[in-house]
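Here's the structure, in structure tokens; my notes come after.
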Amino acid sequence: MKITRRLLGKAALGLAGAALLMQLPAMAQDRPAPFDKPGAVKIALVRYLSTGDFFQAYLSGVEAQAKALGVDLRVLDSRQDAALQADMVDQAIALGVQGIVIQHGLTESMKEAAQRAVDAGIKVVAFDVNVENPKIPQIEQSDRDLARLALEQAIKDNGESWKAGYVYVAGIAPLDRRNETWVDFKKKYAGINEAAMFGTLDNPIANSVANQARSVLSANPDIKVMFAPYDEFAKGVKIAVDEAGLSQDIKIYSA
């Protein structure tokens, strides 16, 4: 079995940038306010997803940047609990933070919470979640390109006709963008047969996906490709494929 994953280097570049900042001899008085007094600046990172290599690298980058700037970073992790994530935004407001980074989440649960932070005079940035607020910068990676690169490799490896399993959970912005590419590829290559779509964000994610994948493989023993565009999804599929003794028959592609 081969797991193919194409990643853009944004996370690595962020870490490299943080390391560079830490080496610069910039004095606090040379920085714009409020970073001229960094010890008084509190920033909250409010997370929805935190499991997987990408999220570990993301957190490491945030921590490195906070250390380089000398600010007080508070990390609040909801572990896929949408209501708790919204409550954590309110906790950050109560802590008197000057900035909030909302990392992933659901639009319906974060829209009003983000607005409350803006109303409190707090600077807010949203990463990979659409909070539908023109006052909040929306930051995202190139999820469509990530999916496209993985699927182009799948076509190169397997031709234009194969039966596939697809792991997807709707409502998560980066997964939704990757799904758009998957839908486009199925239209472009009519020989791609999606035999099953499944997915969950229940903790632990990899084990929960593995449980689903076991049933999918049992019902569809002729699946040749699994598209699992999130590393924890891919780990779960790999567990099930290996247990079924199909590691030589099924290729797994992530993004």
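The values are calculated or read from the model by the stated rules, or taken from the named source; none is laboratory data. Small disclaimer: the values here were computed from a predicted structure and weren't measured. FYI the Cβ positions are ideal-geometry reconstructions off the backbone, even for glycines, and counts take in every protein chain you see.
Scan the range 149-171 and tell me whether some residue there is over 20 Å from SER254 (Cβ atoms), assigned to a strand (DSSP E or B) and β-branched (Val, Ile, Thr). No, the range 149-171 contains no residue that is over 20 Å from SER254 (Cβ atoms), assigned to a strand (DSSP E or B) and β-branched (Val, Ile, Thr). One residue stands out among those in the range 207-239 that are assigned to a loop (DSSP other than H, G, I, E, B) and not acidic (Asp, Glu): the one that is nearest to ARG177 (Cα to Cα), which is PRO229.
Can you name the residue in the range 240-255 that is part of a loop (DSSP other than H, G, I, E, B) and either touching a residue at least 24 places away in the same chain (Cβ under 8 Å) or not small (Gly, Ala, Ser) (or both) and is also nearest to GLY165 (Cα to Cα) among such residues? Here the answer is ILE250. On the stretch given as the range 160-171, residues that are among the aliphatic types (A, V, I, L, M) and closer than 17 Å to LYS235 by Cβ total 2. Among the residues of the range 199-221, is any in contact (Cβ under 8 Å) with a residue 60 or more places away in the chain and touching a strand residue (DSSP E or B) at 6+ places or on another chain (Cβ under 8 Å)? Checked the range 199-221: no residue is in contact (Cβ under 8 Å) with a residue 60 or more places away in the chain and touching a strand residue (DSSP E or B) at 6+ places or on another chain (Cβ under 8 Å).
Within the range 108-133, the set of residues being of a type outside the set (D, E, K, R) and under 15 Å from the mean Cα position of the chain (by Cα) comprises ALA126, PHE127, VAL129, ASN130. A residue that is more than 19 Å from the chain's Cα centre (by Cα), at pLDDT 95 or above and more than 15 Å from VAL129 (Cα to Cα) occurs nowhere in the range 47-60. Number of residues in the range 177-223 that are among the aromatic types (Phe, Trp, Tyr) and farther than 28 Å from GLY105 by Cβ equals 1. Any residue that is assigned to a loop (DSSP other than H, G, I, E, B) and outside the structural domain of VAL169 (by TED's automatic domain parsing) - is there at least one of those in the range 56-68? No. Within the range 149-174, if we keep just the residues that are touching a Phe, Trp or Tyr at 6+ places or on another chain (Cβ under 6 Å) and under 26 Å from ALA82 (Cα atoms), the residue that is surrounded by the fewest Cβ atoms within 10 Å (Cβ to Cβ) turns out to be TYR166. Does the range 81-88 contain at least one residue that is assigned to a loop (DSSP other than H, G, I, E, B) and modelled with pLDDT of 90 or more? Checking the range 81-88: at least one residue is assigned to a loop (DSSP other than H, G, I, E, B) and modelled with pLDDT of 90 or more. Just one of the listed residues (LEU73, LEU45) is in contact with a Leu (Cβ under 8 Å, 6 or more places away or on another chain) and in contact (Cβ under 8 Å) with a residue 40 or more places away in the chain, and it is LEU45. Starting from the range 168-190, keep only residues that are in the same structural domain as VAL131 (by TED's automatic domain parsing), then list their pairs with residues that are part of a loop (DSSP other than H, G, I, E, B) whose Cβ atoms are within a distance under 8 Å, requiring at least 6 positions of separation or different chains. The qualifying pairs do not exist here.
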